[in-house]
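> Here's a structure for you.
The values are calculated or read from the model by the stated rules, or taken from the named source; none is laboratory data. Not measured: the values here are computed from a predicted model. As a convention, Cβ positions derive from the backbone with ideal geometry for all residues, glycine included, and neighbour counts pool all protein chains shown.
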Amino acid sequence: MRHDIDNYIKWANYIHDIEKIYSITSSFYFRLSTINIPLMKKLIKSGSEASYHFEEIASYCKKHHIKDRDSAINEMEKIRKMFAKNFLSLEARLGTKLRSVASHGDFVNRKLRLYNWEITKDIHLRETLGIEVEAYDDLLKDTSDIYIADRPYPIFWHPVNPLDILDKYNVIYLLTHPRNWGRNIHGNLRENVTRCLEGLHW
């Protein structure tokens, strides 16, 4: 069970409280904009995982107005250094070793056809930082029978509702985004406006 905390931090806490009732542990990944150290420490203390939802390729390209794939790839060394700095800073603030990370998807990644997980394809970087797995690694896909992700209303799930297939698979890789499960008009509006402004600026 994986939760990507893109914006709605309050609902991350609600989800954890529900999971705790049923003795469920899962992985929560926080962007730089959603990092909440007290909440992350609470999650770790309860046996769940709290780590980094990274997006340095998109962030770097937006900041430097890079609009083509080749130019972004040429800047990958700088991008990886930025990732390492952010990763180590989060570890220091949490006071614990982070062993997994999850790539965040941004409109810039889709435009460039270059996704943030390209950063962690560098084996030396992983070994240096002690990262054992990235959430989109084949290792996880190959050890799961099916991958299911939530979708905004009215779809809810893709490709199937997990409740409909619980007796058909042994290992289900389930991804959720708290923003899809609670009303957050102001937060979602703010994020959508920010995305539009970033697109115009880029």
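> Any residue that is loosely packed, with under 13 Cβ neighbours inside 10 Å and assigned to a loop (DSSP other than H, G, I, E, B) - is there at least one of those in the stretch 83-93?
Checking the stretch 83-93: not a single residue is loosely packed, with under 13 Cβ neighbours inside 10 Å and assigned to a loop (DSSP other than H, G, I, E, B).
> Among the residues of the stretch 24-45 satisfying the criterion of being more than 19 Å from E91 (Cβ to Cβ) and among the polar types (S, T, N, Q), which is nearest to the chain's Cα centre (by Cα)?
S26
> Among the numbered conditions (1) closer than 27 Å to L98 by Cβ; (2) modelled with pLDDT under 95, tell me where P152 comes up short.
(1)
> Considering each of L175, L200, L163, L189 in turn, give the residue that is of a type in the set (A, V, I, L, M), modelled with pLDDT of 90 or more and not in a strand (DSSP E or B).
The conditions single out L163.
> Same structure again: On the basis of being within 17 Å of the chain's Cα centre (by Cα) and either in a helix (DSSP H, G or I) or crowded, with 19+ Cβ neighbours inside 10 Å (or both), does E77 make the cut?
No.
> Name the residues in the stretch 97-120 that are over 18 Å from G199 (Cα atoms) and surrounded by fewer than 16 Cβ atoms within 10 Å (Cβ to Cβ), would you? So that I can check it myself, show each step before the final result.
Start the filter on the stretch 97-120 by keeping residues that are over 18 Å from G199 (Cα atoms), which leaves 97-103, 117-120.
Listed by number, the residues that qualify are K97, R99.
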